[in-house]
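Encoded as structure tokens, the structure appears first; notes follow it.
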Amino acid sequence: MTATPTFAHVVLQTSRLEEMRDWYCTVLDAHVVFEGHGLCFVTFDDEHHRIAFLGAPVQLDPRSPTTAGMHHTAYTFPTLTDLLDRYDVLKEKGIVPTVPIQHGVTTSLYYQDPDGNFVELQIDNFATPDEATAYMHGPEYGNNPVGVSFDPDLMRQALVQGIPARDITTQAWALETSPDLHDPLAALTS
């Protein structure tokens, strides 16, 4: 093969088209490109649409932990400050993460949309894909590829206090500052 495809968009079938549209526009700071005929297309960058919603003509069954399908979509922010700024804005609007997870390879906040799909907002904790891959082949990731929960408010405080992002985007920091948080895998699968 000579050409490598790039990701274009995801389409979500829903019985809550307007609620889903509004939630994704808020969470991703997106805008509607087209809406009508039971369809809605939104984008947050230079692509003509990144997420589409297909309004179902019948009431759909709610998503459950025993439903097969896509688990989540993920969106990367350039810096920890950018990620935490979005966290703060969403928190002010009553949208809070279901579970924050320090994967080691990424620092991630998992939210659930109105239909129960997970949306991961993240930063990469390594400067290059090769460094991230090397970490994924190492012992810490091998022992716990899901990672540990952390408190994003404590992370914001540490950043404001001048602690470098590289020091607070680790599993060790998360375990030290938030040792009693729930198992993140349970939150992702319930």
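The values are calculated or read from the model by the stated rules, or taken from the named source; none is laboratory data. Note that the coordinates shown come from a computational prediction; the quantities given were computed from them, not determined experimentally. Counting neighbours? That spans all protein chains shown, and the Cβs are built from the backbone with ideal geometry, glycine included. Ligands, DNA and RNA are stripped out before the accessible areas are found, and what is left, the full protein with its side chains, is counted by its heavy atoms. Shrake-Rupley method; radii C 1.70, N 1.55, O 1.52, S 1.80 Å.
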*Highest GNM mean-square fluctuation, the chain, Cα pairs closer than 10 Å: which of MET70, MET20, MET136?*
MET70
*About the Cα centre of the chain, what is the dipole size in debye to 20, counting +1 per Lys and Arg Cβ and -1 per Asp and Glu Cβ, all else neutral?*
280
_Compute, for the stretch 1-61, the length of the dipole vector about the Cα centre, with Cβ point charges of +1 (Lys, Arg) and -1 (Asp, Glu) only. Units Debye, rounded to 20._
160
*So what's the gap between the Cα centers of the stretch 48-68 and the stretch 116-190, to the nearest angstrom?*
29
*asked:* To the nearest 20 Debye, how big is the dipole of the stretch 10-118 about its Cα centre, given +1 on the beta carbon of each Lys and Arg and -1 on that of each Asp and Glu?
replied: 300
*Solvent-accessible area, 1.4 Å probe, carbon plus sulfur percent, for the chain*: 55
